[in-house]
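Novice: Handing you this structure, nothing more for now.
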Amino acid sequence: LFNDPHNPTGHRFSSAERRLIVKLCRKHGVLIVTDEIYEWILYGSDIDVHEPLAVLDPENVVIVSSISKTARATGWRIGWVVASAPRTQRIRAVHDQLVACVATPLQIGVARLLEMDKARFADLRGEYQTKRDVLGAALSKAGFDLGPEPKGAYYWFVGYKGVPQLQSLDPLAAAMIMTREYGVACVP
């Protein structure tokens with residue numbers, strides 16, 4: 001399972017890293033399932049274009065994506081899978097047994113959204129980058145160790161040991177205090 005930008009670190013894989021992953025998976029007969037949900041939420045001019053791994057190996061990559069993040073519609077739970085014809089046939093057989101059909105009006109809404117000019121999705125970058133920067137500054141000021149700045153998605157992967165109110169706590173206890181007392185949900 002591969003996602004780029006990476007969840008939860010926001011790391012972007014270089015072209016060389018991506019090609020190496022594809023080469024090694026092909027060599028060892030490993031199917032690549034990619035999570036492409038953050039493809040429009042990228043930061044930095046050197047990495048502002050998303051290239052699905054399927055471009056490098058269309059027969060050995062299965063793309064899984066969703067409209068959730070791109071359309072700010074996380075509750076809709078509408079997604080799709082793109083794969084080669086033989087793989088798609090098998091995926092559909094499993095899908096029919098596991099997933100309920102999404103309401104028709106939501107399907108129509110997503111279809112119309114996907115038909116819109118791609119510039120609409122590109123606008124997400126500036127919006128999320130501003131939010132990332134504001135949140136990062138606030139977390140840093142509070143004593144959190146920010147680690148590497150995310151180059152995609154919208155997560156900060158932070159350390160809390162520099163925050164006096166949290167430093168003596170285990171991760172779960174620190175997360176619960178952050179959620180209950182500060183209204184910031186986090187995953188320990």
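Novice: Just to verify a number: FRET efficiency for Asp145 and His95, C-beta to C-beta distance, R0 = 41 Å, to 0.05?
Specialist: For Asp145 and His95, the calculated efficiency is 0.50.
Novice: Could you give the length gained by full extension between Lys27 and Ala73, i.e. 0.36 nm per residue of separation minus their alpha carbon distance, to one decimal place?
Specialist: Contour length minus Cα-Cα distance gives 12.7 nm.
Novice: Moving on to the next point. Relative contact order (percent) for the range 1-153, with alpha-carbon contacts under 8 angstrom and 6 or more residues of separation?
Specialist: Contact order relative to length: 29 percent.
Novice: Rank these residues by their accessible area, most exposed first, probe 1.4 Å: Leu31, Leu146.
Specialist: These residues rank, largest area first, as Leu31, Leu146.
Novice: Here's something else I'd like to know. Could you tell me the largest-minus-smallest coordinate of the C-alpha atoms of the range 103-147 on each of the three principal axes, in descending order and whole angstroms?
Specialist: Projected onto the principal axes, the Cα atoms of the range 103-147 cover 47, 25, 14 Å.
Novice: Calculate the radius of gyration of the Cα atoms of the range 93-188 to one decimal place, then report Dmax, the largest Cα-Cα distance, as a whole number, both in Å.
Specialist: When restricted to the Cα atoms of the range 93-188, Rg and Dmax are 19.2, 53 Å.
Novice: Also, quick follow-up: Antiparallel versus total DSSP beta bridges in the chain: what percent is that, nearest 5?
Specialist: Close to 50 percent.
Novice: Total Lys pairs in the chain closer than 15 Å by alpha-carbon, pairs eight or more apart in sequence or interchain only?
Specialist: Going through the chain pair by pair, I get 4.
Novice: Still on this structure, I have one more. Based solely on its DSSP helices, what 222 nm [θ] is calculated for the chain when runs of n ≥ 4 H residues each add -39,500 (n - 2.57) and the sum is averaged over all residues, nearest 500 deg cm²/dmol?
Specialist: Taking each H run of at least 4 residues, the total per residue is -13000 deg cm²/dmol.
Novice: Turning to a different aspect of this structure: Just check the range 1-157 against the gyration tensor rule for me: Cα atoms, a ≥ b ≥ c as the square roots of the eigenvalues, rounded for a/c under 1.5, and otherwise prolate or oblate depending on whether a/b exceeds b/c.
Specialist: Verdict is oblate for the range 1-157.
Novice: Would you please give the residues with an amide H less than 5 Å from that of Thr34, counting only those at least 5 places away or on a separate chain, with H modeled from the backbone geometry?
Specialist: The list, which skips near neighbours in sequence, is Phe2, Val62, Ile63, Val64.
The values are calculated or read from the model by the stated rules, or taken from the named source; none is laboratory data. What you are looking at is a predicted structure, and each value in this text was computed from that prediction instead of being measured. Note that we place each Cβ from the backbone using ideal geometry, even for glycine, and neighbour counts take in every protein chain shown. Quick note on the areas: whole protein, heavy atoms, side chains included, nothing else; ligands and nucleic acids left out. Shrake-Rupley method; radii C 1.70, N 1.55, O 1.52, S 1.80 Å.
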